[in-house]
Structure formats: structure tokens, C-alpha cells
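Below: one structure, written as C-alpha cells.
Quick note: the coordinates plus some simple rules give every number you see, no bench work behind them. Just so you know, these numbers come straight off a predicted model, no measurement behind them. Here the Cβ positions follow ideal geometry from the backbone for every residue, glycine too, while neighbour counts run over all protein chains shown.
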Amino acid sequence: MADLAVHTTPIQGLLVLDLPQPGDSRGWFKENWQRAKMVALGLPDFGPVQNNMSYNAERGVTRGLHAEPWDKLVSLAHGRIMGAWVDLRPGESFGATYTLEMGTDKAVFVPRGVANGYQALERDTTYSYLVNDHWSPAARAPYTYLNLADETVAIDWPIPLAEAIVSDADRAHPRLADVSPMAPRRTVITGAGGQLGRALVALLPDATALDRDDLDLTDADAVARFDWAGVGTIINAAAWTAVDAAETDEGRRGAWSGNVDAVAHLVGVCREHRITLVHVSSDYVFDGQTEVHTEDEPVAPLGVYGVTKATADALVQTLPDHYIVRTSWVIGEGRNFVRTMADLARRGIEPSVVDDQYGRLTFTATLADGIQHLLQARPAPGIYNLTNSGPTRSWFDIAREVFTLVGADPETVSRQTTADFAAGKVMSPRPRHSTLDLTKIQATGFTPPDADEALRAYLS
């Protein structure tokens, strides 16, 4: 008797399982689905939600080729079949084919977008399909079909199709040359009108861009009603970022609603629909006592905004498939510190700037590039620090550099302590040190550009 094993095939993601089938004169037993054992051997933890059965009374019944908008694990309760699979996903592997004659001691994991066809080689063949989305008549719309007799893939059916039992619908499916590849699952960008959102939309033009007017993430009913079908990734660039206002009674409620309730609603959606969530976090989750923060440093927020961001991080970490991108000092399209300093320099205004807060700038182009890299490279889920690289600077250092780059006198920028700047104001406490360690994301193959060089390019 073979041991439980998982084997790869020439089609990426299509896996064949050997299922131990101990038996005696009474019959046999098998573990048709055993999550812990199978995942440990390489089967994706695909989250099945429905089990379907299909019965073929006659030998020669042939079905397919259907590419479905979900993943499934196919096995047999009785009989023997020839299975055929054709990759109908976009890319170089489009049209790649694999066949296997199998009985009750095998199972095949079929990823979304790979077409499957089956021919019963015995009477009373019974199939089991374990799928990770709920089937409905409406769900058939996003299927992609290929003709069983397509000459290009040239499947060698044991029983010729002229002698097989095939439905009229399956005989009418298109040839490969006329098949449009199944589109990959969509990406949704929330907070698309913000600084980071705009950079993400520019980088990912095929994504669905949502701003508050399109979907209010704080409204649980609105989030639940939104059509999440076919969505594979949500990049959450939406947030309450009025850091100082969060310290007021009204602002505290707004910050909690925008940064915690909204994220809780997205986490629920991602769990239900098996969606990858990319969530943008902040250096404000730290108290700033450590000069350089790693991903595994315990959070210790100083103010309300930091508390809401740390709470949201904890919610996101309950998902099996997530990336928390922790960043600092974001600069993009819109109002920000660099543009304010450049404007003051050009107007001849001599500012006082705090010189006792330290960190690195993060340009939204870098942040967007890093997020795209994580989604393409698919390292282990978790927290990844992401800023521009280079030496740590104070806000005072950066202001002087901005003045220099726009042709103004940097000596007109004076130093100020955070305590002096905050005097008489309602202001959130800031972490003294905001520099984030970049070792982890660099190990995935992404090297953030130098912050000083990025600043020069931004101002040019």
C-alpha cells in the first residue's frame, strides 16, 4: 500500500495525491481529505467549503473541459477514469496538458483556471469534488471552456469521443485558438485617492480602485454587500491619518472607526472569500525608545493613532494570508512635509523644524513597488518593514536638504525641540526613533532605493 504523498505535474499547481487505501474482505477505507497531513506534504491549504458528488452510470461518459473559478480536490468513491487537465490561465503555460488514469487510490488538486475533463472507464463511477467556493447556477458564468476534441492539446481519450457519451454543450465548446484565458483574480485598492493609493493605482492600472465615495469601509453592511467575487487581493491604503486630531474626543472615535472597525470589516471579507490582505501599518505602533525597529519588536504605541494602528495589525494577523507593510514618514502626491518645506523655501519663509525625531522618508513609489514585489514573490505571510533606505535623518536634516535642493539657503532653517513645537497644542506624542530595519524585506529580493536620491528625484 502506497504512503500518502503529493506529486507535482507539468502544470504549475496541479498536484496528484497518492491516497493510502487499507482494506480487507469487508472493503476499504481512505482519508479522502486530511488537512494537516496533506498541507504538510505540499497541498495548498485551500479552505474547502462544499463537497459535491457526481455519478456516471455508464462506461464512456465524458465531461469537460471546464476551467472553474475556484480550486478543487477531485477523487473517486467508486470506479476508474481517465482525467485530462489543460492550463487555461494566461501566460506561457497556456495550453499545457496533463492526463492520468486513476482509481479510488488517487486524488488530484486542480487550481483555479485549469480546465478538467473526465472519462468514466467503468460503470457506476462516482466522483467527489471538494471545492473552496459555494456553487450556484450563477457561478457558471465565469467558467472558461475548451473542446474535448481540440486538435492542439490532442488528448488521447481511451474511448474515442465518437463512441463516448458527451453532452451537446460539451461538444460545442471552442477550440484552443478561440479560448480567452481565464482572468486572474482581481486586485482591489482601498483608499485609492490618498498619497499611497494614487501610487498604487498608477502601478496597478488593472486593479479596482475604491475611495470612500465608492465604499465606506466603516459601514459593515456596505462592505458585506460589495461584490467580492473574483477578488484575490485587497491592498488597504485607506486610513485615518489625522494623528493629532485623534487625541480629541471626536477624533478618537473617528480614528477607531477608520483604523480598526474598517479593518475588522475587511478581515471578515478576506476570511470568507480567501482573499490576500495587504495592510499598511505605521512606525507609530512603537514608543520610539529603540533606535532601529525590527518586525518582531513588541508594539508600545504612545498615542491614540498608534493604538488604532497596532490594534488593526493584530486583527490582520488573524488571517492565514496577509502582509502587513510597516512604514514611516510617507511622501507622495499631495500635502506632505517635503512639499511644505519646498513651498516655504520658495516663499522665503524661515521655518523652525524639530531636530529630535529620527527616521527615514518613504516615497509612495517605493512603497507601491515593495507591495507589488511581495504579491509577486509571495514570501511567508507576516509583517515587513518598508521604507526607503539610507542613513537615519531628523526632520531638521531633511528640511535643510529640501531648502538646498530647491536653491534656498539651508541656514535659514532653525532647530526646534518636539516639546517646544508641541507647546500649547493638542498633539499626539511622536516616537523619538522611527527608523525601521529593512533586512527582512531585502531578504525577499527587494532593495528599497536610497531616500536621499529619491528626495532629489522627487523635487526635480
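With the helix formula -39500 (n - 2.57) applied to DSSP H stretches of n ≥ 4, the chain reaches a computed 222 nm mean residue ellipticity of -6500 deg cm²/dmol.
Think of the range 279-405 as a dipole: +1 on every Lys or Arg Cβ, -1 on every Asp or Glu Cβ, centred on the Cα centre; then among Ile349, Gly306, Pro379, Ile349 lies furthest on the positive end. Ordering Ser93, Gln34, Thr62 by Cα displacement along the dipole of the range 5-178 toward the positive end leaves Gln34 in first place; charges were set at the Cβ atoms of Lys, Arg (+1) and Asp, Glu (-1).
For the range 187-199, backbone phi angles converted through the Karplus equation (6.51, -1.76, 1.60; θ = phi - 60°) give residue-by-residue couplings of 9, 10, 10, 9, x, 5, x, x, 4, 5, x, 5, 5 Hz, Gly and Pro being listed as x. Listed values for the range 88-99 are Karplus-derived 3J(HN,Hα) couplings in whole Hz (6.51 cos²θ - 1.76 cosθ + 1.60, θ = phi - 60°), namely 10, 8, x, x, 5, 8, 4, x, 4, 10, 9, 10, and x replaces Gly and Pro.
Cα-Cα pairs above 12 Å in the range 157-212: how many percent? More than 12 Å apart: 75 percent of the Cα pairs in the range 157-212. Less than 5 angstrom separates the built amide H of Leu121 from those of Gly60, Arg80, Ile81, Met82, all sequence-distant by 5 or more or on a different chain. Rounded to 0.05, the FRET efficiency of the Arg339 and Asp45 pair, given R0 = 56 Å and the Cβ-Cβ distance, is 0.80. Its residue count N sets the reference 2.2 N^0.38 Å, and the alpha-carbon radius of gyration of the chain equals 1.23 times that reference.
Cβ-to-Cβ counts within 10 Å put Lys106, Lys309 in ascending order as Lys106, Lys309, the fewest first.
Put simply, the amide H of Phe363, placed in the peptide plane, has neighbours under 5 Å in Ile331, Asn388, leaving out anything fewer than 5 places away on its chain.
If R0 is 25 Å, the Cβ-Cβ spacing of Glu297 and Met427 corresponds to a FRET efficiency of close to 0.55. A compact globular protein would have a Cα radius of gyration near 2.2 N^0.38 Å; the ratio found for the range 4-135 is 1.02. If only the Cβ of Lys and Arg carry +1 and only the Cβ of Asp and Glu carry -1, the dipole of the range 186-459 around its Cα centre is close to 240 debye. A dipole drawn for the range 186-459 from +1 and -1 charges on Cβ atoms has a positive end, and of Phe403, Ala209, Thr364 the residue lying farthest that way is Ala209.
Working from the Cα coordinates of the range 318-413, the gyration tensor eigenvalues give, after taking √(5λ), semi-axes of 33, 13, 10 Å in decreasing order. Each of Thr362, Thr241 was scored by other Cβ atoms within 10 Å of its Cβ. Arranged with the fewest first, they read Thr241, Thr362.
Basic side chains Lys and Arg get +1 at the Cβ, acidic Asp and Glu get -1 at the Cβ, and with that the dipole of the chain about its Cα centre reaches some 360 debye.
Distant-in-sequence amide contacts of Val231, defined by a placed amide H-H separation under 5 Å and a gap of 5 or more residues or a different chain, comprise Arg186. Once the Cα atoms are used to define both axes, helix 304-316 deviates from the longest principal axis of the chain by about 10 degrees.
Sorting Asp150, Asp87, Asp450 from the fewest to the most surrounding beta carbons within 10 angstrom yields Asp450, Asp150, Asp87. Its Cα centre serving as origin, the range 5-178 has a Cβ charge dipole (Lys and Arg +1, Asp and Glu -1) of approximately 400 debye. Subtracting the Cα-Cα distance of Asp244 and His7 from their residue separation scaled by 0.36 nm leaves 79.8 nm.
Each residue of the range 149-159 is assigned a 3J(HN,Hα), and the resulting list reads 9, 4, 6, 6, 7, 6, 6, 8, 5, x, 9 Hz, derived from the Karplus form 6.51 cos²θ - 1.76 cosθ + 1.60 (θ = phi - 60°), x at Gly and Pro.
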